[in-house]
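What follows is calculated from the coordinates using simple rules that are stated; it is not laboratory data. Treat the numbers as computed from the prediction; the structure is a model and nothing was measured. Neighbour counts run over all protein chains shown; Cβ positions are idealised from the backbone, glycine included.
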Amino acid sequence: MIVDDSKSVCMVLSGVFRAAGLIVAGTAMDAEQAIRMAGELKPTLVTMDLSMPGMDGAA
């Protein structure tokens, strides 16, 4: 799962991961959405932006 407030970063990372043969479970634009999605999707790996408005990847 990819979490970043930049849509372009989400798109680039999705492309890189898919090109490597990985499945991207989902993308989220903020931490609150990511928490909800992670509970539903149960991703194996989450990449998260460390600097986002509101709650960030380091909080």
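General observations
- Residue selected from region 26-59 under the condition part of a loop (DSSP other than H, G, I, E, B), touching a strand residue (DSSP E or B) at 6+ places or on another chain (Cβ under 9 Å) and of a type in the set (A, V, I, L, M), by the criterion farthest from Asp4 (Cα to Cα): Ala58
- Qualifying residue in region 10-19 (condition: in a loop (DSSP other than H, G, I, E, B) and free of Cβ contacts under 8 Å to residues at least 40 places away in the same chain): no
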